[in-house]
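Q: Sharing a structure, written as structure tokens. Questions coming.
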């Protein structure tokens with residue numbers, strides 16, 4: 001931390017949080033739709049989309065590859081493609097945007113030329129080797145010496161191979177990346193899992209739905225096999241649903257304060273995997289003794305901070321993939337919880353044990369939370385500040401990665417906060 005780093009201190013809520021907050025568009029769906037629209041021939045209009053750091057990196061990368069991307073308002077992208085991506089004049093810099101990095105690495109195979117996919121210091125520590133190995137087996141010339149970005153792809157404009165097995169234990173994004181690129185090939189491509197273990201399988205369903213909306217033909221003969229026809233993509237108008245991961249913070253704020261926050265969309269109407277966290281959150285203060293986070297990974301930080309105020313301790317399992325997100329989220333959560341009170345969050349292997357204590361409510365426990373530049377750590381620990389005095393969030397602007405209006409949303413509900421530069 002530098003002496004000039006911004007910090008935000010929250011004031012505990014003095015009563016129930018009541019109001020209406022519309023979550024931003026889904027990051028996961030927006031970046032899928034942007035890429036598919038960029039690969040399509042014609043003009044697509046994406047409405048309800050997220051405008052954040054991650055989606056701007058994707059939009060800028062598409063512009064660098066010859067795609068027209070206009071932004072007529074705060075939630076719309078108008079994307080005009082030729083059906084092909086052109087080789088960019090320089091490396092594609094994607095910050096710490098995992099979706100953009102993985103998706104564009106595979107899509108670069110459809111470029112007739114050289115593409116370098118790179119990111120910031122955090123992205124350069126995030127593994128991409130399983131995707132690189134799968135592309136190599138499909139006949140794509142790709143190189144990532146460190147097993148992380150930067151990745152150099154020498155594309156030929158198509159996918160040479162017709163079948164590949166991929167290890168998706170670390171991330172479902174590897175499978176999504178291959179699926180979306182495969183429709184741009186010249187022959188059907190079979191994509192099979194090595195084993196059936198996959199991180200957050202529900203995100204594959206998001207990918208398939210988006211692909212089909214843009215005209216792709218994908219069959220799934222079994223749980224671990226997909227067959228993608230070489231249809232390419234057709235431009236279309238596409239509505240992006242609100243972000244379920246963002247909604248989890250508001251659902252948690254509601255139950256923590258006994259409030260009522262209207263999100264404008266019912267929990268059951270989300271198609272994203274993190275929406276299943278709503279049922280867990282609704283059980284507060286009687287959360288399950290064990291919560292498997294493997295299929296709602298981005299909701300785990302929300303649930304872990306909420307668990308600090310639960311009636312009984314909570315063990316979080318299925319967290320191995322969280323160690324290779326924007327930061328090591330298991331470590332970041334245990335560090336932040338421990339900063340609030342020693343022993344509140346303990347790592348046991350890849351599990352996180354939260355030593356819940358309802359008596360934390362109303363306590364004054366000055367603690368600076370190191371966000372590790374991770375938006376989800378910042379947003380989840382803000383929940384602790386609703387019930388504990390003295391919670392300070394370092395680098396609060398990191399929420400711009402997926403929810404630039406987060407602090408404004410809390411303020412609109414009456415949450416007080418002070419910012420110090």
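Q: Kindly indicate whether residue 259 is free of Cβ contacts under 8 Å to residues at least 40 places away in the same chain and touching a strand residue (DSSP E or B) at 6+ places or on another chain (Cβ under 7 Å). Can you show your working first?
A: Working: free of Cβ contacts under 8 Å to residues at least 40 places away in the same chain: no; touching a strand residue (DSSP E or B) at 6+ places or on another chain (Cβ under 7 Å): yes.
Against the criterion (free of Cβ contacts under 8 Å to residues at least 40 places away in the same chain and touching a strand residue (DSSP E or B) at 6+ places or on another chain (Cβ under 7 Å)), residue 259 does not qualify.
Q: Further question: Could you grab me the full set of residues in region 266-286 that are in contact (Cβ under 8 Å) with a residue 60 or more places away in the chain and more than 17 Å from the chain's Cα centre (by Cα)?
A: Result: 285, single match.
Q: Right, another one. If I ask for residues that are at negative phi, in a loop (DSSP other than H, G, I, E, B) and either in contact with a helix residue (DSSP H, G or I) (Cβ under 8 Å, 6 or more places away or on another chain) or surrounded by fewer than 17 Cβ atoms within 10 Å (Cβ to Cβ) (or both), which ones from region 405-414 would you list? Spell out the reasoning first.
A: If we filter region 405-414 for residues that are at negative phi, which is where we start, we get 405-413.
Those still in the list that are in a loop (DSSP other than H, G, I, E, B) too: 405, 413.
Scanning region 405-414 gives a single hit, 413.
Q: Residue 212 fails exactly one of the following numbered conditions: (1) outside the structural domain of residue 412 (by TED's automatic domain parsing); (2) part of a helix (DSSP H, G or I); (3) buried (at least 17 other Cβ atoms within 10 Å of the Cβ). What is the number of that condition?
A: (3)
Q: List the number of the failed condition for residue 388; all other conditions in (1) buried (at least 22 other Cβ atoms within 10 Å of the Cβ); (2) over 20 Å from residue 15 (Cβ atoms) hold.
A: (2)
Q: Right, here's the next one. Return yes or no: is residue 138 over 24 Å from the mean Cα position of the chain (by Cα), at pLDDT 95 or above and under 23 Å from residue 55 (Cα atoms)?
A: On the way: over 24 Å from the mean Cα position of the chain (by Cα): yes; at pLDDT 95 or above: yes; under 23 Å from residue 55 (Cα atoms): no.
It is false that residue 138 is over 24 Å from the mean Cα position of the chain (by Cα), at pLDDT 95 or above and under 23 Å from residue 55 (Cα atoms).
Q: Between 300, 290, which is buried (at least 18 other Cβ atoms within 10 Å of the Cβ), at pLDDT 95 or above and in the same structural domain as residue 358 (by TED's automatic domain parsing)?
A: On the way: 290 fails: buried (at least 18 other Cβ atoms within 10 Å of the Cβ).
Of 300, 290, the one residue that is buried (at least 18 other Cβ atoms within 10 Å of the Cβ), at pLDDT 95 or above and in the same structural domain as residue 358 (by TED's automatic domain parsing) is 300.
Q: State all residues of region 107-128 that are under 19 Å from residue 321 (Cβ atoms) and surrounded by 24 or more Cβ atoms within 10 Å (Cβ to Cβ); if no residue qualifies, say none. Give the derivation first.
A: The initial filter retains those residues of region 107-128 that are under 19 Å from residue 321 (Cβ atoms), namely 119, 122-128.
Selection gives 119, 128.
Q: Go through region 163-187 and count every residue that is farther than 13 Å from residue 106 by Cβ, touching a strand residue (DSSP E or B) at 6+ places or on another chain (Cβ under 6 Å) and at pLDDT 95 or above.
A: Total meeting the criteria: 2.
Q: While we're on this one: Looking at (1) crowded, with 16+ Cβ neighbours inside 10 Å; (2) outside any loop (DSSP other than H, G, I, E, B); (3) without any contact (Cβ under 8 Å) to a residue 60 or more places away in the chain, which is the one condition that is false for residue 63?
A: Of (1) crowded, with 16+ Cβ neighbours inside 10 Å; (2) outside any loop (DSSP other than H, G, I, E, B); (3) without any contact (Cβ under 8 Å) to a residue 60 or more places away in the chain, only one is false for residue 63: (1).
Q: Here is a follow-up. Restricting to region 217-245, count the residues that are within 30 Å of residue 415 (Cα to Cα) and in contact with a strand residue (DSSP E or B) (Cβ under 9 Å, 6 or more places away or on another chain). Outline the logic, then answer.
A: In the first step, residues of region 217-245 are kept if they are within 30 Å of residue 415 (Cα to Cα); the result is 240-245.
From what is left, the residues that are in contact with a strand residue (DSSP E or B) (Cβ under 9 Å, 6 or more places away or on another chain) are 240-243.
Total meeting the criteria: 4.
So that you can scan it fast, the table gives a plain yes or no per residue for (1) part of a helix (DSSP H, G or I); (2) touching a strand residue (DSSP E or B) at 6+ places or on another chain (Cβ under 8 Å); (3) surrounded by fewer than 22 Cβ atoms within 10 Å (Cβ to Cβ):
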residue	(1), (2), (3)
15	no, no, yes
23	no, yes, no
32	yes, no, no
35	yes, no, no
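Q: Can you find a residue that is surrounded by fewer than 22 Cβ atoms within 10 Å (Cβ to Cβ), under 24 Å from residue 46 (Cα atoms), assigned by TED's automatic domain parsing to the domain that holds residue 135 and touching a helix residue (DSSP H, G or I) at 6+ places or on another chain (Cβ under 7 Å) anywhere in region 220-229?
A: So far as region 220-229 goes, no, none of its residues is surrounded by fewer than 22 Cβ atoms within 10 Å (Cβ to Cβ), under 24 Å from residue 46 (Cα atoms), assigned by TED's automatic domain parsing to the domain that holds residue 135 and touching a helix residue (DSSP H, G or I) at 6+ places or on another chain (Cβ under 7 Å).
Q: Taking residue 59, is it assigned by TED's automatic domain parsing to the domain that holds residue 406 and over 24 Å from residue 269 (Cβ atoms)?
A: When the stated conditions are applied, residue 59 does not pass them.
Q: Counting only residues that are touching a residue at least 40 places away in the same chain (Cβ under 8 Å) and closer than 22 Å to residue 198 by Cα, which one in region 129-156 is surrounded by the fewest Cβ atoms within 10 Å (Cβ to Cβ)?
A: 130
The values are calculated or read from the model by the stated rules, or taken from the named source; none is laboratory data. Just so it is clear, the model here is predicted, and its values are computed rather than measured. FYI the Cβ positions are ideal-geometry reconstructions off the backbone, even for glycines, and counts take in every protein chain you see.
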